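To start, the structure under review is shown below, and the notes come after it.
Computed from the coordinates by the stated procedures, all read-outs in this text should not be read as laboratory data. Keep in mind that this is a model prediction, so the values were computed, not measured. Every residue, glycine among them, receives a Cβ derived from its backbone with ideal geometry; neighbour counts consider all protein chains shown.
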Amino acid sequence: MPILLFCKMQFSIHKKFQLNGKSFQKIHLCHSALDAESKFNISSDVFSFLSDFLSDSETISVHTSGSTGKPKLIEIRKEFMINSALATGEFFDLKENTTALLCMNSSFIAGKMMLVRAMALGWQLDVISPSLNPLKEVEKQYDFCAMVPMQVHHSFDELDKIKKLIIGGGVISKDLESKLKTIKTEVFATYGMTETITHIAARKVNGESESCYTVLSDVKITKDERGCLVIDAPKVSSVKVVTNDLIDLISTNEFEWLGRFDTIINSGGIKLIPEQIEGKLFEIISDRFFVAGIADEVLGEKLVLIVENIESEKLKNVILSNAKNLSLSKYEIPKEIYFVGEFIETDTKKIQRKMTLDLVSF
């Protein structure tokens, strides 16, 4: 007999929910992950999450991404995950029978939430192994999908298989955003974190594109004395979330993201926001890169550029000569350029800036 797993909280799996083509009136998982993989064609990670989510516990353990520090294990209330799923469905107009593709790692919150959305909203969800180009072997059309920027970059020629795409887990480069404006797929950049159970805001990237993020329902935003975003979202977090994200507060439900407070570079008394400088440099650098501040006897911190490539004097000269033609102030032009063969990444493919910087011999 299979083990039937029921959730004691006030949540019923939507009767239209399908997982890899299988209809479920009730989620019934087999005795082991191996049996589940055979019966439903799901991985042990997906099996483990479904088992945990449908258990008696009111919370679930989730690892943060670790992009700004060591990954942390935090407890998230299942009630909040369901609320987040419902808010996503409302914001993006994703009703029952939506066909959706999960191509992200289900060990992290973004992948887990695709499963919760499907169960709560009655989607037909297909799950495939995460990869750089998850759409390469896909032959059908989907209404909805979520990806990280790296996946979008490698899947660009296949994006017509998706009607509505959300991108999270990292900043979309100016080059990629420019390319996305040319396709028919509706594309949204999302803002959020593990602590807010993925996105609490989104902005349209193509079509009638937007420069600012609009928050989902029941989310209030303010700005603290540092100029950083403060999120009050009682349906997904029991406490206000004080971020290190510098913003322009456009209205009570809109903001423009500027960069990270904890990456600000103070160079000779001039405060430089790396993300703003990188946005300008994206126009001339095709490789992955970032800017950072390193210790300097005169300036306190010196602005440097780190490029993922084999060191090249030609590339260095091209960057420096073109940088002066961009809308960079004299303070925003890197004082030095360093090359790293391969950047260090988190498990979710975000660049570990500090650890990568430690690889450079200054």
Q. Taking a ≥ b ≥ c as the square roots of the eigenvalues of the Cα gyration tensor of region 264-357, is the shape rounded (a/c under 1.5), prolate (a/b larger than b/c) or oblate?
A. oblate
Q. Non-local amide H neighbours of residue 336 (under 5 Å, H modeled in plane, Pro and chain starts lacking H): which ones?
A. 305
Q | R0 of 22 Å, Cβ-Cβ distance residue 251-residue 90: FRET efficiency to nearest 0.05 | A | 0.65
**Q.** About the Cα centre, charge dipole magnitude for the chain (Lys/Arg +1, Asp/Glu -1 at Cβ), debye
**A.** 560
Q: Give the distance, in whole Å, between the Cα centre of region 308-330 and the Cα centre of region 79-97.
A: 44
(Q) Relative to 2.2 N^0.38 Å, what does the C-alpha radius of gyration of the chain come to as a ratio? Two decimals please. (A) 1.05
Q) Within straight cross-link reach of residue 161, meaning Cα distance under 21 Å, which lysines are found once same-chain residues fewer than 8 apart are removed? A) 95, 136, 140, 179, 181, 184, 204
Q: Please order 210, 297 by the number of other Cβ within 10 Å, starting at the fewest.
A: 297, 210
**Q.** Positive-end residue, the chain charge dipole about Cα centroid, Cβ charges, pick of 294, 325, 247
**A.** 247
